[in-house]
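Some notes on the structure that comes next.
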Amino acid sequence: MADKTKQVKQVLDVLDNLSEDTSVPRNIRKGATDAKVRLLDEKNAMDVRATSAIIILDDLANDPNIPLHGRTLIWNAISQLEVLSQS
């Protein structure tokens, strides 16, 4: 369980960094905040929360206006969330 909590914290840190990065478009920052809210919503099971965040982040990663470093951060977060959604 502690490992899962650590993974969630890492993803939340990435989403915080992305939402505060002024070099990425505003809609990407808002999407990162929305994904964080979904991930923290304890009304749902972890797999549902992780999948909801993945859906949001996948849409953001396909945005043509996102800078390369932002896309890389999103892909890393998605990879970590996929592990959480399968456990």
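The values are calculated or read from the model by the stated rules, or taken from the named source; none is laboratory data. The model shown is predicted, which means the values in this text are computed figures rather than measured ones. Note: ideal-geometry Cβ built from the backbone for every residue, glycine included; neighbour counts use all protein chains shown.
Of everything in the range 64-87, what is part of a helix (DSSP H, G or I), out of contact with any helix residue (DSSP H, G or I) (no Cβ under 6 Å at 6 or more places or on another chain) and of a type in the set (Ser, Thr, Tyr)? Give them in sequence order. Thr72, Ser79 - these are the residues of the range 64-87 that are part of a helix (DSSP H, G or I), out of contact with any helix residue (DSSP H, G or I) (no Cβ under 6 Å at 6 or more places or on another chain) and of a type in the set (Ser, Thr, Tyr). Within the range 17-34, residues that are touching a residue at least 40 places away in the same chain (Cβ under 8 Å) and assigned to a loop (DSSP other than H, G, I, E, B) have Cβ atoms under 8 Å from residues that are acidic (Asp, Glu) and surrounded by 13 or more Cβ atoms within 10 Å (Cβ to Cβ) in these pairs: Pro25/Asp63, counting only partners at least 6 apart in sequence or on another chain. Condition first: farther than 22 Å from Lys4 by Cβ, in contact with a helix residue (DSSP H, G or I) (Cβ under 9 Å, 6 or more places away or on another chain), in contact (Cβ under 8 Å) with a residue 24 or more places away in the chain and of a type in the set (A, V, I, L, M). Can you find one or more residues in the range 39-57 that meet it? Within the range 39-57, not a single residue is farther than 22 Å from Lys4 by Cβ, in contact with a helix residue (DSSP H, G or I) (Cβ under 9 Å, 6 or more places away or on another chain), in contact (Cβ under 8 Å) with a residue 24 or more places away in the chain and of a type in the set (A, V, I, L, M).
Looking only at residues in the range 9-29 that are out of contact with any helix residue (DSSP H, G or I) (no Cβ under 8 Å at 6 or more places or on another chain) and closer than 17 Å to Ile78 by Cα, the one that is modelled with the lowest pLDDT is Lys9. Residue selection: Leu60 fails the criterion of being among the hydrophobic types (A, V, I, L, M, F, W, C), in contact with a Ser or Thr (Cβ under 9 Å, 6 or more places away or on another chain), crowded, with 16+ Cβ neighbours inside 10 Å and assigned to a helix (DSSP H, G or I).
Taken over the range 45-57, the criterion of being among the acidic types (Asp, Glu) and surrounded by 14 or more Cβ atoms within 10 Å (Cβ to Cβ) is satisfied by no residue.
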